[in-house]
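Below you'll find the structure, written out as C-alpha cells, and then a few comments.
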Amino acid sequence: MSYAKYLPASLHGWRRSIWLMMVMLLLVTVLLSIMLGPMTLPAKQSLLSILDKFFGSELSQLNAFQTAIIWELRWPRTLLAIFIGALLALCGAVTQGLFRNPLADPGIIGVSSGAGLGAAIAIVLLPASLSYLTTPVAAFLGGLITTLLVYRLAQSQNGGTSVLILLLAGVAVAAFSGAIIGFMTYIANDMALRELTLWGMGTLNGANNTSIWLSAMTCLCLLLFYQTQAPALNAFLLGEAEARHLGINVEKLKLQLIVVSAIGIGIAVSATGIIGFISLVVPHLVRMTMGPDHRLLLLLSALTGAVLLLIADIGARVLLAPAELPVGLVTALIGAPFFAFLLIQQRKRLSTL
Amino acid sequence: MLTIENLLVKQEHHQILNLPAASLVSGELIAVLGPNGAGKSSLIKTICGEWSASQGQIYLHGKSLEYWHRQRLAKHLGVLPQASQLSFPFKAQEVVAIGATPLSLNIREINHAVQKWMQATDTWQFADRLYTSLSGGERQRVQLARVLLQLSQAELAPLLLLDEPTSAQDLGQQHQLLNLVKSLCQENGFAVISILHDLNQASRYADKVWLLHQGELIAQGSPPQVLKPETVMKIWGYQPELFFNRHGQQILV
C-alpha cells in the first residue's frame, strides 16, 4: 500500500514556495495577535516572551502585567483562532466538494444555523454545569440533522445537487432556527441570555483549555481523515456515478463526510458561536490560486483559514479599541462582499437554474 | 467475457429493459442501436451497476458483477458518460489523472500515462487548459482519456461502455475516436459496448449490432444481418435506400 497518492501533488514555479509562505505568514500573524490589542506591546519583547515560555529562558523585559496579558488573554485566544479557523475552512472545503458546488458553504446552506440552534437549546434548557459537554453534542446533532435534511432536499434527478434548492433550504433553516433561538432568548434566565447573545455573534472570547484542546484535536483528526479521502473527493467532483465507476463506495463516503463535517461544525460552533464566511471564502481563495485538487486544497485551506481568522480577530480587538467587536461581525464584513462578488462572477451560470 | 442472462429491469412496475440472452467476447465492438427511449442508456446503466436489475444476472469473465471487488471492477470496467457536470476548475490533465484513482501507480507513472492517453485521444494540446473552458467534444475526449487510463492496469480483458461517444464530435473526430476504440479492441483485447446513432458508422466499425426497441432486444448479429432496410423502416419509420461500396459493405441512406 502506497501513501503517495494521499500527499499533495507536486507544484511548479512560485507555487513551490506556497507552504513556506503560508507557514511564515501564520507565524507573523501569531506574533501580531500577541502584540496587538487595546494595549500594544513591543514586537521584540513579545517575541522574546514567546521564546521564554517555550525554552525557559528569561530574555523578555516585559513586566508581570504585560506577561499576564499575553499568556492569560491573548495566547489562548490566538490558539483557539488558529484551530477554529482551520476547522471552519476544512469543513467548508469538504462541504463544497460533497455538494459538488462551490457555493455550498455550511453557513449559507444552514448547517451552521442548525448547529447554532442545537447549541442554543443546550445553553438555555440543559443544566449549565454540564454545558462543556452538552453544548458541543447538541451543536453536532443540530448540524448533522440539518446537513442530512438539506442534502436530501437538494438532490436532483440527474444526481447533482441543485444550487437553488440548497440556498433556499439555507433560508428556511436559518428562519426556523432564528425563530427557535428567539424563543430561547425569551425564556432564558439572565446568565444564559448573556452567554447566548455574545455567542450568537461569534466570539473567541471564551477561549479556555477545554475548548482549545477539543478544537485542536478535532482539527487534527479531521485533517488526517479528510486527507486520506482526498483522492476520492477529487473523483467525487466528476459526479457520483463517475466516482462509483472509479471504484469508490460513494454511499459510504457521503455518509462519512456528512457526519464528520457535522462534528467539525458542531465543535466549532459550540466553542465560538457562529463565525460565518471563513468556510466560504478560504477554500475559494485557495482554489483560485492553486486549483481544486483536494490533496492540496485541504491542508492549504486549513492554514489559510487559521491565518484569516487570526487577522479577523486582531481586527475585532483593534478596530474599536478599547471596546471589542465580536469576531463574527468582522468575518461577515469581509465575507459578505466576497460572497456578492462570487455571485456576480457566476451570475451567468446561476441565472440559468 | 460478458454474459447477460434473463435480464429484466423495472422501474415503478414499468418494464424498461428485457434481455433474455446476450454476450460478447474480448476484442469485440458492439454497437447498441435503437430509437430514442428504446432503453439504450438503461442498458449501459444496468451493466455498469448504476441501476440494479429486478431479475437476471450479468457475468464479467465468468463472475457475477455483484461479486466483483469494487476496486478490481473499476480496473476492468470503464464507463464514458454522455456528459459530465464538473463545476470546479480542474485542468484537463488533472481530470485525466483522476482516472488513476483505483490504480497503484506512482506520480511519474501517472504523468506518463496521462500524456500517453491524452495524445491518443487528441487532447494533449490543451492539457493545461481548464476543463470548464473546453467545448463539449473536447470534454468528452478528455473523459475518454480518463477512462482509458483507468483501464490501463487491467489484468483481464477490460470492458468499455460508451454512451454516445460521438454525439458532440465533428465528423473527423468521430472517425478518429471510433478508430481508436477499434484499435483498442483489436490490439489490446478490449470489449466495447457503444451507443451509436449513425447506422453507417455502426456498420463500418462494429462487429455486432444489438438492436433495441421499446426495451426489448429485437435483433443481434453482424451489421448487414441486422440493419436491413425493412427493419429500419419498422423501427425508425423511414425507408432507407441500400447501396454497396467497393468493399462490398452496405450503406443505408
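The values are calculated or read from the model by the stated rules, or taken from the named source; none is laboratory data. Note that this is a predicted model, so its numbers are computed, not measured. For neighbour counting, all protein chains shown are included, and Cβ atoms are generated from backbone atoms with ideal geometry for every residue, glycine included. Please note that ligands, DNA and RNA were not included when accessible areas were found on the heavy atoms of the full protein model with its side chains. Shrake-Rupley method; radii C 1.70, N 1.55, O 1.52, S 1.80 Å.
Here are the numbers for this structure:
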item	result
Breaking point among (1) within 14 Å of chain B (Cβ to nearest Cβ); (2) in contact (Cβ under 8 Å) with a residue 60 or more places away in the chain, for A:G202	(1)
So B:L160, is it modelled with pLDDT of 95 or more and not in a helix (DSSP H, G or I)	yes
Number of positions in the stretch B:168-185 that are among the hydroxyl-bearing types (S, T, Y) and in contact with a strand residue (DSSP E or B) (Cβ under 9 Å, 6 or more places away or on another chain)	0
Matching residues in the stretch B:150-204 - criterion: being more than 10 Å from the chain's Cα centre (by Cα) and among the acidic types (D, E)	B:E155, B:D170, B:E187, B:D198
Every pair of residues 6+ apart whose Cβ atoms lie under 6 Å, when the first sits in the stretch A:167-192 and is farther than 13 Å from A:L117 by Cα while the second is open to solvent by 80 Å² or more (accessible area, probe 1.4 Å)	A:A169/A:L153
Tally, over the stretch A:260-316, of residues that are charged (D, E, K, R) and either touching a Cys at 6+ places or on another chain (Cβ under 6 Å) or under 21 Å from A:L198 (Cβ atoms) (or both)	1
Check on A:T210, in a helix (DSSP H, G or I), touching a residue at least 40 places away in the same chain (Cβ under 8 Å), surrounded by fewer than 20 Cβ atoms within 10 Å (Cβ to Cβ) and more than 14 Å from chain B (Cβ to nearest Cβ)	yes
Residue count for the stretch A:20-67, restricted to those that are touching a Leu at 6+ places or on another chain (Cβ under 9 Å), touching a residue at least 24 places away in the same chain (Cβ under 8 Å) and surrounded by 14 or more Cβ atoms within 10 Å (Cβ to Cβ)	12
The one condition in (1) within 11 Å of chain A (Cβ to nearest Cβ); (2) in a helix (DSSP H, G or I) that B:Q140 fails to fulfil	(1)
Count - residues of the stretch A:221-235 that are in contact (Cβ under 8 Å) with a residue 60 or more places away in the chain and within 7 Å of chain B (Cβ to nearest Cβ)	2
Answer residue from the stretch A:339-353, given it is part of a helix (DSSP H, G or I) and in contact with a helix residue (DSSP H, G or I) (Cβ under 8 Å, 6 or more places away or on another chain) and is modelled with the lowest pLDDT among those	A:L350
Residue match in the stretch A:310-330 (condition: of a type in the set (A, V, I, L, M) and within 14 Å of chain B (Cβ to nearest Cβ))	no
Checking A:K252 against (1) within 14 Å of chain B (Cβ to nearest Cβ); (2) touching a Phe, Trp or Tyr at 6+ places or on another chain (Cβ under 9 Å), the condition it does not meet	(2)
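Okay, residues lined up against (1) at pLDDT 85 or above; (2) in contact with a helix residue (DSSP H, G or I) (Cβ under 8 Å, 6 or more places away or on another chain); (3) more than 22 Å from A:E195 (Cβ to Cβ); (4) surrounded by fewer than 24 Cβ atoms within 10 Å (Cβ to Cβ):
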| site | (1), (2), (3), (4) |
| --- | --- |
| A:I82 | yes, yes, yes, no |
| A:L90 | yes, yes, yes, no |
| A:N101 | no, yes, yes, yes |
| A:A104 | no, yes, yes, no |
| A:G110 | no, yes, yes, no |
| A:A115 | yes, yes, no, no |
| A:A120 | yes, yes, no, no |
| A:L130 | no, no, no, yes |
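The rows are residues; the columns are (1) over 19 Å from B:S23 (Cβ atoms); (2) outside the structural domain of B:E230 (by TED's automatic domain parsing).
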{"position": "B:M118", "(1), (2)": "yes, yes"}
{"position": "B:T121", "(1), (2)": "yes, yes"}
{"position": "B:D128", "(1), (2)": "yes, yes"}
{"position": "B:L144", "(1), (2)": "yes, yes"}
{"position": "B:T166", "(1), (2)": "yes, no"}
{"position": "B:Q174", "(1), (2)": "yes, no"}
{"position": "B:E187", "(1), (2)": "yes, no"}
{"position": "B:I193", "(1), (2)": "no, no"}
{"position": "B:K208", "(1), (2)": "no, no"}
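Residue-by-condition table, conditions (1) in contact (Cβ under 8 Å) with a residue 24 or more places away in the chain; (2) over 28 Å from A:L98 (Cα atoms); (3) not hydrophobic (A, V, I, L, M, F, W, C):
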residue: B:V79; (1), (2), (3): yes, no, no
residue: B:S87; (1), (2), (3): yes, no, yes
residue: B:S135; (1), (2), (3): yes, no, yes
residue: B:E155; (1), (2), (3): yes, yes, yes
residue: B:L161; (1), (2), (3): yes, no, no
residue: B:T166; (1), (2), (3): yes, yes, yes
residue: B:L178; (1), (2), (3): yes, yes, no
